[in-house]
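Engineer: Sharing a structure below in structure tokens format, with a few things to ask.
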Amino acid sequence: MKNKYSLSSNLILITFLIGIVNLFFYDYESTQETIVFISILSMRYLLFILIKRRFEWSKYLLVLIILRSIYRLYSVMGDMDVSPVTKVNLTLQLIISLLAFAILIVFPRVKEWINDKRKYISAPRVSNPQH
């Protein structure tokens with residue numbers, strides 16, 4: 001995958017835009033919740049920039065965002081007062097973030113592993129000239 005950074009950063013940008021949509025659908029109960037939401041939204045935008053510029057350590061921030069998305073989705077799914085649009089958006093954010101993680105980290109490692117296996121499986125065999 002030549003453009004794994006570009007594709008992954010664009011997916012993170014999509015999650016940022018979904019977060020902005022959630023800003024209008026979710027009713028925040030406290031100032032603390034609003035501050036956390038805005039800081040996570042800012043982290044998503046920062047992550048977009050870091051991945052676009054190919055910072056290797058940005059994958060750790062991506063893992064942090066994914067863990068936060070899982071926690072947020074778990075806490076919101078049981079709440080009946082939350083808009084269904086918000087629940088769908090949070091689910092989409094998690095799925096897209098996981099896809100960005102897979103494109104950035106998992107797929108290249110699997111490809112490398114497969115290439116290593118092929119190297120050993122398809123090694124040229126030495127024929128025995130004595131037969």
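Rule-based calculations on the coordinates, nothing more; no lab input. Note that the structure is predicted; figures quoted are calculated from it, not measured. Because the Cβ atoms are built from the backbone with ideal geometry, glycine has one as well, and the counts that use them run over all protein chains shown.
Engineer: Relative contact order, percent, of the chain when contacts are C-alpha pairs under 8 Å separated by at least 6 residues? Intermediate values should be presented prior to the final figure.
Structural biologist: On the way: 95 pairs, mean separation 49.4, N = 131.
Once divided by the residue count of the chain, the mean separation gives 38 percent.
Engineer: To continue, here is another question. I need the phi-derived Karplus couplings for the stretch 65-74: 6.51 cos²θ - 1.76 cosθ + 1.60, θ = phi - 60°, integer Hz, Gly and Pro marked x.
Structural biologist: 5, 5, 4, 5, 5, 5, 4, 5, 5, 5
Engineer: Quick one: if the Förster radius is 30 Å, what FRET efficiency do Phe25 and Tyr60 give, using the C-beta to C-beta distance and rounding to 0.05?
Structural biologist: 0.50
Engineer: For the chain, what is the calculated [θ] at 222 nm in deg cm²/dmol (nearest 500), taking -39500 (n - 2.57) for each run of four or more DSSP H residues and dividing by its residue count?
Structural biologist: Details: 5 runs with 97 residues, N = 131.
Calculated at 222 nm, the ellipticity per residue is -25500 deg cm²/dmol.
Engineer: Whole-Hz ³J(HN,Hα) for each residue in the stretch 85-98, computed from phi via Karplus 6.51 cos²θ - 1.76 cosθ + 1.60 with θ = phi - 60°, x for glycine and proline: what do you get?
Structural biologist: For the stretch 85-98, the Karplus-derived couplings read 4, 5, 5, 5, 5, 5, 5, 4, 4, 5, 4, 5, 5, 5 Hz, x marking Gly and Pro.
Engineer: Residue by residue through the stretch 29-37, which ³J(HN,Hα) values in whole Hz follow from phi under the Karplus form 6.51 cos²θ - 1.76 cosθ + 1.60 (θ = phi - 60°), with glycine and proline marked x?
Structural biologist: Taking θ as phi minus 60°, the curve returns 7, 9, 5, 4, 4, 5, 5, 4, 4 Hz for the stretch 29-37.
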